[in-house]
Amino acid sequence: MVAASGLRWVLSLLFAVPVAYGVWRLVLPGTSAGERVDHALHAAMGVLMIAMAWPWGTDLPVVPQVVLFSVGALWFVAAAPFRARVGSRGRVVVAALPHVVMMGAMAWMVSAMSSSGTASDGGGSAGMHDMAGMDMSGGSGLASMSLTGAGSVATAVVLAIVLAVLGLVWLTRALDRARGRSQDGSGPEGEGAGAGATDVVSVLAPACHAAMALGMAVMFAVLA
């Protein structure tokens, strides 16, 4: 999907960050059942985003991916109210919306790429691997294939902007928390050097979300 090999590797490494974090949280003692579902979905999303950056990723079946990410979006919507503490239900629901957006964006990307490929080859393709008639130039020269149709391109641009904003917000939050940990002595050289996983998670969680969102923003921008 991404023609530039250097960009492929950069994106793959970027998406590998949330994959590694998700797997770590899955096996970390004390992680609740609901959180394990969250991290499994994020890890799966990272793996499939890595696949989409490489030519072999287009051989993956479309329908299971769309179903996975659609169910993932519904999961974050439905589970949000049950995560709320007393008096903070609205805040938790709002906090879940970025994850809903990312899951929905993934479902849309897979579906749109498949639809574009089907339309380009006369309706004979059943999946992303049959996109021989698709526009393979890519407006930026970085994509080996690009979306067709003004509506799809406009949607990709909007999603790229939204995801970039979300990524920057998460990145800022991660940097603020990391700086706060350093200033209050909880860093490697501070008094709290032996602090538990909670302090680490408070920094890594937004950092990994930022990596996912910014990587996705780049993918959408390349496809547009």
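Which of the residues spanning segment 60-105 are under 23 Å from ALA33 (Cβ atoms) and touching a residue at least 60 places away in the same chain (Cβ under 8 Å)?
Answer for segment 60-105, where residues must be under 23 Å from ALA33 (Cβ atoms) and touching a residue at least 60 places away in the same chain (Cβ under 8 Å): PRO98, HIS99, MET102, MET103.
Taking into account only those residues within segment 174-201 that are crowded, with 16+ Cβ neighbours inside 10 Å and within 23 Å of ALA40 (Cβ to Cβ), which is modelled with the highest pLDDT?
ALA174
Among the residues of segment 82-96, is any of a type outside the set (D, E, K, R), closer than 17 Å to ALA207 by Cα and surrounded by fewer than 17 Cβ atoms within 10 Å (Cβ to Cβ)?
Yes, because at least one residue in segment 82-96 is of a type outside the set (D, E, K, R), closer than 17 Å to ALA207 by Cα and surrounded by fewer than 17 Cβ atoms within 10 Å (Cβ to Cβ).
Could you list, in sequence order, all residues of segment 31-59 that are over 21 Å from PRO98 (Cβ atoms) and free of Cβ contacts under 8 Å to residues at least 40 places away in the same chain? Steps first, answer last, please.
Initial filter on segment 31-59 (over 21 Å from PRO98 (Cβ atoms)): 33, 51, 53-59.
ALA33, ALA51, TRP56, listed by residue number.
The values are calculated or read from the model by the stated rules, or taken from the named source; none is laboratory data. In this text, all values refer to a predicted model and were calculated from it rather than measured experimentally. Counting neighbours? That spans all protein chains shown, and the Cβs are built from the backbone with ideal geometry, glycine included.
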